[in-house]
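Take a look at the structure below.
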Amino acid sequence: MNLKFNVLTGKIIPVIRYDNMKLLFDTGASTPVWCYDVDSFKTKFPEAKKMDYRFLLTGFGRSEAELVRFLKNPDNNSARDYFADVYNIPEFILKTDEGCIIWKGLNVAVMNRRFSGVHMILPYTMFGGMSLKFNQNTVNPEIVIESSKNTKYTFVKLNNNFSKKVLQYIYVQKDEPEQGLTKVMDIF
């Protein structure tokens, strides 16, 4: 199945408008991030449950030196700017007239501030076993997602090198039928 979404006019980055949200497809990201505020996230995804781990926000306009400085000398005042709460969305759905893809158990880091003019960043790790294309060869650029399955199960990799659990990244089950869930989870 192929899902096609038109990229917003005037954007040179892959941003689409979907279900009253602006979604950025980011090949440099490893975890979905809600870039608005907690209240708007809870309104959009009322079934989402807060997890008992957080996500360390790297990037987002910070230099590597700033991040290293914080990690060497963390303080409570700065922590809220560097860590985000994580919520689990039972089913995150992208659909078009051609079909839909459902991500089961999608973990999303939720920032309590607005960033970059989008609602949510969708990382490349959400599209494991799928083809994700940013087609700029058309008059109207588009995002094309190709998947042989319409349901994807998401998993998390936690980093336990902190005093509390921290989400390192998410990943999805591959489409290959010979690769079972246990095999995917055992690679870590």
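From Glu91, Glu47, grab the single residue that is open to solvent by 30 Å² or more (accessible area, probe 1.4 Å), among the acidic types (Asp, Glu), part of a loop (DSSP other than H, G, I, E, B) and closer than 22 Å to Val156 by Cβ.
One residue alone meets the criteria, Glu47.
I'd like the full set of residues that are hydrophobic (A, V, I, L, M, F, W, C), part of a loop (DSSP other than H, G, I, E, B) and open to solvent by less than 20 Å² (accessible area, probe 1.4 Å), limited to the stretch 112-142.
Val118
Against the definition (among the polar types (S, T, N, Q), out of contact with any helix residue (DSSP H, G or I) (no Cβ under 8 Å at 6 or more places or on another chain) and either under 18 Å from Asp26 (Cβ atoms) or open to solvent by 40 Å² or more (accessible area, probe 1.4 Å) (or both)), how does Asn159 come out, yes or no?
no
Kindly indicate whether Val172 is among the β-branched types (Val, Ile, Thr), surrounded by fewer than 19 Cβ atoms within 10 Å (Cβ to Cβ) and modelled with pLDDT under 90.
no
Name every residue in the stretch 97-111 that is assigned to a loop (DSSP other than H, G, I, E, B) and hydrophobic (A, V, I, L, M, F, W, C), in order of residue number.
Met111
Since Cys35 meets every condition but one in (1) open to solvent by 50 Å² or more (accessible area, probe 1.4 Å); (2) within 20 Å of Asp85 (Cα to Cα), which condition does it not meet?
Condition (1) is where Cys35 drops out.
Of the residues that sit in the stretch 24-40 and are more than 16 Å from Lys50 (Cα to Cα) and of a type in the set (Phe, Trp, Tyr), which one is modelled with the highest pLDDT?
That would be Phe25.
Being modelled with pLDDT of 75 or more and not in a loop (DSSP other than H, G, I, E, B) is the filter; apply it to the stretch 56-65 and report the residue that is most open to solvent (accessible area, probe 1.4 Å).
Ala65
What are the pairs, 6+ residues apart or on separate chains, where a residue within the stretch 88-99 that is free of Cβ contacts under 8 Å to residues at least 40 places away in the same chain and closer than 17 Å to Val15 by Cα has its Cβ under 9 Å from a residue that is assigned to a strand (DSSP E or B) and of a type in the set (Val, Ile, Thr)?
Ile93/Ile101; Ile93/Ile102
The values are calculated or read from the model by the stated rules, or taken from the named source; none is laboratory data. Note that the coordinates shown come from a computational prediction; the quantities given were computed from them, not determined experimentally. As a convention, Cβ positions derive from the backbone with ideal geometry for all residues, glycine included, and neighbour counts pool all protein chains shown. Please note that ligands, DNA and RNA were not included when accessible areas were found on the heavy atoms of the full protein model with its side chains. Shrake-Rupley method; radii C 1.70, N 1.55, O 1.52, S 1.80 Å.
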